[in-house]
């Protein structure tokens, strides 16, 4: 059975127990900041907590069983601490595996992130689209099922980047990231064959929009880039229903939790503050091999 991991199971708009619900945005690292930003705009009356499992980053290095076990363990701690009314798994690699397990364990709604293959297939004019993702997401049967269901009429290029998420994290931390390094990761996305060029690229890792402006500049020709964050934010807003318009916390006071915190450089703290996350805390959850 095909399950829409973004929309989730048939959740209706919530009858919230609090006037200002808490939304937990979770990722393995910093990519979920793109989702947090869109969600904060769409749900101005919600309290948003950001959680980064940086002790486990990158999730692509974990086997499927290890990944499910890791996310379940971290989520137990986060739910106990934050008491969220809704959780966003802002990670494609995790969403395609863990959503059934977390939905079975917890009674709150979970919204996931999946490759935006359907909108890419609808937008393309040339019939050539690219799914730019992590190797784990590219390898998932779920991703190939989306292609078969929604993009059977298209020529689909799957690009599993091994370095782009790390490059996005490095750039946000203020570390130098060469154009050549980014170009090496995105070059396979651009295919020209039989008189047709790739014209739509879906960014199927939430880290990648952090580098979007640079990727646009480096692209060998113009393409449409699909960032999943706005669609996720709309789904969250729909589930929360009407909210009070008063922000749940003052600007810049939202909480960011890290499971390791070793990479919290000065420039990164400044960047986090730019996303409204001036309150940064460590919730130690070491990755056990």
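Just one of the listed residues (88, 79) is surrounded by fewer than 22 Cβ atoms within 10 Å (Cβ to Cβ), in contact with a strand residue (DSSP E or B) (Cβ under 8 Å, 6 or more places away or on another chain) and farther than 20 Å from residue 161 by Cα, namely 79. Can you spot a residue in segment 62-76 that is in contact with a helix residue (DSSP H, G or I) (Cβ under 9 Å, 6 or more places away or on another chain), modelled with pLDDT of 95 or more and part of a loop (DSSP other than H, G, I, E, B)? Checked segment 62-76: no residue is in contact with a helix residue (DSSP H, G or I) (Cβ under 9 Å, 6 or more places away or on another chain), modelled with pLDDT of 95 or more and part of a loop (DSSP other than H, G, I, E, B).
I'd like the full set of residues that are in a helix (DSSP H, G or I) and crowded, with 17+ Cβ neighbours inside 10 Å, limited to segment 105-118. Selection gives 117, 118.
Return the residues of segment 65-76 that are under 19 Å from residue 258 (Cα atoms) and out of contact with any strand residue (DSSP E or B) (no Cβ under 9 Å at 6 or more places or on another chain); say none if nothing qualifies.
Correct list: 67, 68, 69, 70, 72, 73, 76.
Those helices (runs of 4 or more DSSP H) of segment 128-189 in which at least 2 residues are under 16 Å from the mean Cα position of the chain (by Cα), considering only elements entirely within it, cover 135-139, 164-172. Working carefully through the options 233, 256, 237, 273, find the one that is under 22 Å from residue 57 (Cβ atoms), surrounded by 17 or more Cβ atoms within 10 Å (Cβ to Cβ) and modelled with pLDDT of 90 or more. The conditions single out 256. Checking each residue in segment 202-216 for being within 12 Å of the chain's Cα centre (by Cα) and in a helix (DSSP H, G or I) picks out 208, 209, 210.
Among the conditions (1) modelled with pLDDT of 95 or more; (2) over 22 Å from residue 56 (Cβ atoms), the only one that residue 250 does not satisfy is (1).
When residue 141 is tested against the conditions (1) touching a strand residue (DSSP E or B) at 6+ places or on another chain (Cβ under 9 Å); (2) without any contact (Cβ under 8 Å) to a residue 40 or more places away in the chain, the lone failure is (1). Residue 179 meets the stated requirement of being surrounded by fewer than 24 Cβ atoms within 10 Å (Cβ to Cβ) and under 23 Å from residue 33 (Cβ atoms). Cβ separations smaller than 9 Å between residues 6+ apart or across chains give no pair from segment 218-239 residues that are closer than 21 Å to residue 85 by Cβ and assigned by TED's automatic domain parsing to the domain that holds residue 184 to residues that are at pLDDT below 95 and in a strand (DSSP E or B). Of the set (1) out of contact with any helix residue (DSSP H, G or I) (no Cβ under 9 Å at 6 or more places or on another chain); (2) buried (at least 19 other Cβ atoms within 10 Å of the Cβ), all apply to residue 195 but (2).
The values are calculated or read from the model by the stated rules, or taken from the named source; none is laboratory data. Values in this document were obtained by computation on a predicted structure and should not be read as measured data. Every residue, glycine as well, gets a Cβ built from its backbone with ideal geometry; the counts of neighbours run over all protein chains shown.
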